[in-house]
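Below is one structure, written out as structure tokens; comments come after it.
The values are calculated or read from the model by the stated rules, or taken from the named source; none is laboratory data. Small disclaimer: the values here were computed from a predicted structure and weren't measured. We place every Cβ from the backbone using ideal geometry, glycine too, and count neighbours over all the protein chains shown. Note: areas computed on protein heavy atoms with side chains; ligands, DNA, RNA excluded. Shrake-Rupley method; radii C 1.70, N 1.55, O 1.52, S 1.80 Å.
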Amino acid sequence: MNTAMDTLLMEPPATYTAVAQPDAAITGRIHIIREQKVMLDRDLAELYGVQVKALKQAVRRNMERFPEDFMFELTLEEDRALRSQTVTLKQGEHAKYRPFAFTEHGILMLANVLRSEQAIAVSIHIIRVFNRMREVFHSPQHVLGELKELEGRISVHDNEIQAIFDHLTE
């Protein structure tokens with residue numbers, strides 16, 4: 001007789017499947033600090049499914065992997081300014097440590113340091129979001145160039161149409 005418990009025991013263990021965050025959930029966490037697009041340690045910890053403390057410990061154990069262009073610690077002024085823009089702590093609470101800010105390259109390195117499937121999957125998704133953002137920022141220049149080309153063609157066509165019109169009305 002096959003019971004529900006027997007069925008559960010015979011099933012293979014569930015494997016981890018990463019659920020990709022919507023792009024808006026990531027782009028809303030990208031900040032521009034020191035003229036660089038960065039994500040903060042607390043946001044990455046949440047996305048990676050780890051505690052901020054564990055993330056910071058992993059980074060501190062591997063500081064040689066995080067040069068200044070990959071990761072930097074916010075100054076007190078930067079932290080205060082950022083907190084005034086986004087309310088992340090309840091009234092009266094204060095962060096014990098200043099946050100780390102990770103650039104696109106730092107985010108990728110962080111996934112290597114954390115070595116979890118979720119960190120790797122989320123990092124890949126974040127990098128793709130950064131790439132899409134870069135494409136969007138560069139596309140207006142491309143579109144403007146095409147519009148100028150079309151404008152040139154239209155003015156040539158306008159002149160040709162006017163010449164035909166003038167010829168017909170003679």
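Pairs needed: first member in region 26-55, closer than 17 Å to VAL129 by Cα; second member anywhere, open to solvent by 30 Å² or more (accessible area, probe 1.4 Å) and part of a loop (DSSP other than H, G, I, E, B); C-beta distance under 6 Å; at least 6 residues apart or different chains.
Listed pairs, sorted by first residue: MET39/ARG29; ASP43/ARG29.
For region 1-49, which positions are among the acidic types (Asp, Glu), more than 30 Å from LEU82 (Cβ to Cβ) and either assigned to a loop (DSSP other than H, G, I, E, B) or modelled with pLDDT of 90 or more (or both)?
The answer is GLU11, and nothing else.
Hey, could you check region 117-132 for residues that are among the small types (Gly, Ala, Ser) and crowded, with 21+ Cβ neighbours inside 10 Å and say which is nearest to the chain's Cα centre (by Cα)?
Let us first name the residues in region 117-132 that are among the small types (Gly, Ala, Ser), namely 119, 121, 123.
Pick out the ones that are also crowded, with 21+ Cβ neighbours inside 10 Å and you get 119, 123.
On the way: ALA119: 14, SER123: 9 Å.
Only one residue fits best here, namely SER123.
How many of the residues in region 59-73 are in a helix (DSSP H, G or I) and buried (at least 17 other Cβ atoms within 10 Å of the Cβ)? Quick ask: steps written out before the conclusion?
As a first pass, look at region 59-73 and keep what is in a helix (DSSP H, G or I): 59-61, 63-65.
The next check asks that each one be buried (at least 17 other Cβ atoms within 10 Å of the Cβ); those that pass are 59.
The qualifying residues number 1.
Select from region 40-51 the residues that are open to solvent by 30 Å² or more (accessible area, probe 1.4 Å) and touching a Leu at 6+ places or on another chain (Cβ under 9 Å) and list them in ascending order.
ARG42, VAL50, listed by residue number.
How many residues, within region 50-73, are within 18 Å of LYS96 (Cα to Cα) and under 19 Å from the mean Cα position of the chain (by Cα)?
5
Please work out which residue is modelled with the lowest pLDDT, limiting yourself to region 94-116 and to residues that are out of contact with any helix residue (DSSP H, G or I) (no Cβ under 8 Å at 6 or more places or on another chain) and open to solvent by 60 Å² or more (accessible area, probe 1.4 Å).
Step by step, filter region 94-116, then rank; the result is HIS94.
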